[in-house]
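Student: Submitted below is the structure of interest, expressed as structure tokens.
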């Protein structure tokens with residue numbers, strides 16, 4: 001599993017009914033997540049849910065995820 005698939009799978013496992021799209025490179029990522037679990041939450045709460053899910057991938061000096069340059073959290077329409 002490559003790092004894009006790993007980030008996507010980690011988010012989708014942690015957030016109920018989530019669909020994630022991950023792009024980027026060089027340790028910098030752009031992530032878009034859609035989930036009904038975001039309904040009624042503030043932007044910061046939504047972002048914390050996603051960042052908490054991928055925190056293990058951001059830990060340590062040799063972490064595969066260095067930064068999230070763009071994070072969009074949507075509810076299904």
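The values are calculated or read from the model by the stated rules, or taken from the named source; none is laboratory data. Only a predicted model underlies this, so the values are computations on that prediction, with no experimental measurement involved. Virtual Cβ from ideal backbone geometry, glycine too; neighbours counted across all protein chains shown.
Student: Hey, residue 27 hits all of (1) at pLDDT 95 or above; (2) surrounded by fewer than 14 Cβ atoms within 10 Å (Cβ to Cβ); (3) in contact with a strand residue (DSSP E or B) (Cβ under 8 Å, 6 or more places away or on another chain) but one; which does it fall short on?
Tutor: So the condition that residue 27 fails would be (1).
Student: Sticking with this structure for a sec: Specify which of the listed residues (16, 56) is assigned to a loop (DSSP other than H, G, I, E, B) and touching a residue at least 12 places away in the same chain (Cβ under 8 Å).
Tutor: 16
Student: Within segment 69-76, is even one residue without any contact (Cβ under 8 Å) to a residue 40 or more places away in the chain, surrounded by 17 or more Cβ atoms within 10 Å (Cβ to Cβ), touching a strand residue (DSSP E or B) at 6+ places or on another chain (Cβ under 7 Å) and assigned to a strand (DSSP E or B)?
Tutor: No, there is no match, as no residue in segment 69-76 is without any contact (Cβ under 8 Å) to a residue 40 or more places away in the chain, surrounded by 17 or more Cβ atoms within 10 Å (Cβ to Cβ), touching a strand residue (DSSP E or B) at 6+ places or on another chain (Cβ under 7 Å) and assigned to a strand (DSSP E or B).
Student: Continuing with the same structure: Being closer than 16 Å to residue 3 by Cα and surrounded by fewer than 18 Cβ atoms within 10 Å (Cβ to Cβ) narrows it down to one of 42, 21, so name that one. Break it down stepwise before answering.
Tutor: Details: 42 fails: closer than 16 Å to residue 3 by Cα.
Testing whether each residue is closer than 16 Å to residue 3 by Cα and surrounded by fewer than 18 Cβ atoms within 10 Å (Cβ to Cβ) leaves just 21.
Student: Name the residue that is farthest from residue 7 (Cα to Cα), counting only residues in segment 30-39 that are out of contact with any helix residue (DSSP H, G or I) (no Cβ under 9 Å at 6 or more places or on another chain) and surrounded by 11 or more Cβ atoms within 10 Å (Cβ to Cβ).
Tutor: 36
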